[in-house]
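The values are calculated or read from the model by the stated rules, or taken from the named source; none is laboratory data. What you see is a predicted model; the values in this text were computed from it and never measured. Accessible surface is based on the protein model in full, side chains and every heavy atom, while ligands, DNA and RNA are left aside. Shrake-Rupley method; radii C 1.70, N 1.55, O 1.52, S 1.80 Å.
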Amino acid sequence: MSVRVYRSGGIVVEAGGKRLLLDPTGIPDRKPDVVFVSHAHSDHCRPSVLRALKGVPKVMSHATRDLVDPRRRLDSVVAVNAGEEVEVAGLQLEVHEAGHVIGSLQLRFDAGATVVYTGDFNLERRVVMRPAPVLKADVLVIDATYGHHRYTFPPRPLLYKAIVQTVREAVEEGRGLALAARTLGTGQELTALLSLVAKVVPFVEEKIAEKNRIYEKYGEVLGEYAVHSLRPPRGAIAVVPLSSDHPGAVPCTGWAVGRGIPLSSHAGFSDLLRYVVGSGVATVYAFSSFASSFASYISREMGIEAYAL
Ligand SMILES: [Zn+2]
């Protein structure tokens, strides 16, 4: 059974006479049978595009729906939970935890060949979320944001230890510390780490706190935190958005390898390889930043057919 994977508005998978559109941020050339939204980050989901795809079933988690469509303006939403299997447009779709941000899902379906779409994912045990399981597949469409060996991150326990130590030193010296994080993702991980492990009450910027409430609605325990809008009080331990211009804030992102704290909600390079090996896959399609170098690496080093999207 042939499976075609290409880009048109998002990632399109054609198999078994069906067309699935994954994480659209633009209008596709041809109308899909099903749309799948893996999570709420803006590079995976655009509400205006979803609104334009009228009448097409849109599969997403309940939490993603809360984040992208709080006023319930989208039609044909099929809201699911990780671990469920649903039939949509004649396709059996399995959705699994992706461990990336609240509500993030992986998708698996069988159309002659078993196809897995990871979306953005994380395999590590963290203070928030459950890790993504590695799913068996014939065809794997995988996130390659950090698909370069430069982005092999230290294991979570070591990163956590370094962050907690930095925070404790700042507290002992009576000086403030701001950690800069993604508004949805590492913002909540840091809130929980500071509150539950470092045992401080962090000042969390309002945009991050808004997302904290969605995590809490879905059962994640983040501990105690205070909320600030413009600037945290002088001397506070704070979590601010990466996009803020807070002076001296320590960036916590995978891109900060070598200059900050490489804490990411994405899988690093070694976990991407772990996924490819564990999935037992025959064909890989890589998407996002390092798609080309990742596809070349696994085709060259592992002998697996691989393409960049
Ligand atoms: Zn993401």
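Identify all lysines with a Cα-Cα distance to residue 31 below 18 Å; exclude those on the same chain that are fewer than 8 residues away in sequence.
18, 54, 58
What number comes out for accessible area per residue over the stretch 1-88 if the probe is 1.4 Å? Units Å², please. Write down the numbers at each step before the final one.
Values: 4000 Å² over 88 residues.
Accessible surface, normalised per residue, equals 45 Å².
Within the chain, what whole-number % of the accessible surface is contributed by carbon and sulfur, with the 1.4 Å probe and all protein chains included in the calculation?
Summing carbon and sulfur atoms, their accessible area is 49 percent of the total for the chain.
Can you tell me the 0 to 90 degree angle between the C-alpha axis of helix 206-217 and the longest principal axis of the chain, rounded to 10?
60 degrees
To the nearest Å, what is the center-to-center distance of the stretch 245-264 and the stretch 1-51, using C-alpha atoms only?
32 Å
Take every DSSP beta bridge with both residues inside the stretch 107-169 and express the antiparallel ones as a percent of the total, to the nearest 5.
Of the beta bridges lying entirely in the stretch 107-169, close to 60 percent run antiparallel.
Report relative contact order for the chain in percent, whole number only (criteria: Cα-Cα under 8 Å, sequence separation at least 6).
Details: 705 pairs, mean separation 47.3, N = 309.
Once normalised by length, the contact order is 15 percent.
In degrees between 0 and 90, to the nearest 10, how far off the longest principal axis of the chain does helix 156-172 point, with axes built from Cα atoms?
Orientation of helix 156-172: about 20 degrees from the principal axis.
To the nearest 10 degrees, how steep is helix 269-279 against the longest Cα principal axis of the chain, on a 0 to 90 scale?
That helix lies at roughly 40 degrees to the long axis.
For residue 97, list long-range residues whose amide hydrogen, built 1.01 Å from N in the peptide plane, is under 5 Å from its own amide hydrogen.
Amide H neighbours of residue 97, under 5 Å, 5+ apart: 83, 106.
Using θ = phi - 60° and the Karplus form 6.51 cos²θ - 1.76 cosθ + 1.60, what ³J(HN,Hα) does each residue of the stretch 43-54 get, whole Hz, x for Gly and Pro?
Taking θ as phi minus 60°, the curve returns 7, 10, 7, 10, x, 5, 5, 4, 5, 6, 8, 5 Hz for the stretch 43-54.
With the other protein chains left in place, how much accessible area per residue, in square angstrom, belongs to the stretch 156-256 at a 1.4 angstrom probe? List each step's numbers first, then the result.
Working: 4790 Å² over 101 residues.
Roughly 47 Å² per residue, with all protein chains present.
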